[in-house]
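Working notes, beginning with the structure itself.
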Amino acid sequence: MTDTQLFHKQFKRFNKVVIWGLRSVNNTYRYIQGHFFETLRKLEYPVVWVDDEIKNGVVISNGDLVISANVGGNNLPIKKEIFYCLHNFDSGFYKNISDKRRIVIQVYTNDAEKGCEKWDKVTFFDREKQILYQPWGTNLLPGEFYEPVYRKRSPLAFFIGSIWDNLRHQGNIRKINELKKVLKNNNLTFIHLQGVPDWWNAFLVRASRIAPAIAGEWQERVNYLPCRVFKNVSYGQIAVTNVRKFHDLFKGFTIDGKDIEELIGNALRLKAKDYVELVYEQQKEVKKHTYFQSLLNISKAFAAIN
């Protein structure tokens with residue numbers, strides 16, 4: 001059975017999928033919505049993606065699965081015969097949706113392991129609260145992963161994504177500043193970009209000597225798993241990250257270091273053969289954390305509550 005056939009078998013409970021919100025809005029969550037949309041299109045499954053506008057409620061039909069997030073769901077209609085997969089909405093929003101018709105998706109952190117069913121190393125399901133915890137993962141299908149690349153002569157280290165902070169200091173800006181200094185000391189140029197298309201993201205990551213995915217202190221502490229780590233590995237680069245949970249995922253095939261300086265140094269000292277072999281091994285695990293698998297997990301969660 002092909003991946004497409006498997007997917008259609010698992011998703012036969014739904015009529016089609018509606019990705020609700022952020023179709024033409026500049027928001028970082030738009031990439032998540034887009035990855036769901038593009039994955040479904042690749043799998044030849046009926047899907048539409050619309051902006052968060054009242055008029056678009058007409059596209060939702062009985063039996064549809066709607067995937068949405070609070071940042072793009074102010075006008076999301078509640079209909080009786082619809083399935084809802086929702087992220088970060090206020091709990092009051094769910095009161096008019098049947099328990100058998102909705103699940104919540106959340107990212108993996110340490111808290112996901114408290115009293116939840118374990119589906120894999122970083123995928124957990126809270127049956128009582130109907131919350132599916134899983135990392136966002138890579139946008140590529142398992143069969144689309146790039147061959148490992150080793151750019152010994154490249155002077156570049158691209159970081160694709162947000163550099164930020166908030167009043168609770170949950171961001172990564174301090175760690176990224178530390179990373180910049182370490183890279184400079186190793187004669188590498190840190191280049192930050194965001195809002196780039198997926199194909200350009202892959203190209204830039206593959207053009208890097210290394211593509212570090214350094215997380216902030218809060219992300220380290222709670223073991224939040226940045227999607228760029230999964231993406232970088234699927235694009236053919238090695239996972240260079242300070243999030244310890246990745247050591248559980250890539251058990252025996254990780255780069256360690258007590259701090260960013262040691263982590264980067266250990267990555268740069270790898271010989272080409274060892275570097276490529278490590279990427280291959282890490283890709284075996286990342287193939288379990290794609291949007292293809294995320295959608296299968298969503299279907300499994302609905303099956304668990306019905």
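Worth a mention:
- Residue among Gly252, Gly216, Gly265 that alone is at pLDDT below 95 and either buried (at least 20 other Cβ atoms within 10 Å of the Cβ) or farther than 30 Å from Ile103 by Cβ (or both): Gly252
- Highlighted here are the strands (runs of 3 or more DSSP E) found entirely within region 12-111 that include at least 2 residues which are among the β-branched types (Val, Ile, Thr) and in contact (Cβ under 8 Å) with a residue 60 or more places away in the chain: 102-106.
- Filtered residue count, region 112-128, keeping only those that are in a loop (DSSP other than H, G, I, E, B) and touching a Leu at 6+ places or on another chain (Cβ under 8 Å): 2
- Candidates Arg127, Arg151 - the one that is in the same structural domain as Leu278 (by TED's automatic domain parsing) and on the phi < 0 side of the Ramachandran plot: Arg151
- Listed by position, the helices (runs of 4 or more DSSP H) enclosed by region 163-272 that each have at least 3 residues that are closer than 21 Å to Glu147 by Cβ are 198-206, 227-234.
- Yes/no for Ala211 being in contact with a Leu (Cβ under 9 Å, 6 or more places away or on another chain) and under 22 Å from Arg244 (Cβ atoms): yes
- Options Val196, Val182; residue that is under 22 Å from Leu278 (Cβ atoms), among the β-branched types (Val, Ile, Thr), assigned by TED's automatic domain parsing to the domain that holds Gly265 and surrounded by 13 or more Cβ atoms within 10 Å (Cβ to Cβ): Val182
- Subset of region 130-146 that is under 25 Å from Phe190 (Cα atoms) and among the polar types (S, T, N, Q) - its residue that is surrounded by the fewest Cβ atoms within 10 Å (Cβ to Cβ): Asn139
- Restricting attention to region 147-162, the residues being surrounded by 14 or more Cβ atoms within 10 Å (Cβ to Cβ), part of a loop (DSSP other than H, G, I, E, B) and at pLDDT 95 or above number 5.
- Residue check, Asp120 under 20 Å from Phe246 (Cβ atoms) and either charged (D, E, K, R) or without any contact (Cβ under 8 Å) to a residue 24 or more places away in the chain (or both): yes
- Residue within region 170-185 that is among the charged types (D, E, K, R), in contact with a Gly (Cβ under 6 Å, 6 or more places away or on another chain) and closer than 17 Å to Gln237 by Cα present: no
- With respect to the conditions (1) aliphatic (A, V, I, L, M); (2) more than 26 Å from Trp199 (Cβ to Cβ); (3) more than 16 Å from the chain's Cα centre (by Cα); (4) crowded, with 17+ Cβ neighbours inside 10 Å, Ile176 lacks only one, and its number is (2).
- Residue pairs whose Cβ atoms lie under 6 Å apart, separated by 6 or more positions or on different chains, with the first residue in region 264-280 and farther than 18 Å from Ala213 by Cα and the second β-branched (Val, Ile, Thr), do not occur.
The values are calculated or read from the model by the stated rules, or taken from the named source; none is laboratory data. Keep in mind that this is a model prediction, so the values were computed, not measured. Don't worry about glycine lacking a Cβ; one is built from the backbone with ideal geometry, like all the others, and counts go over all protein chains shown.
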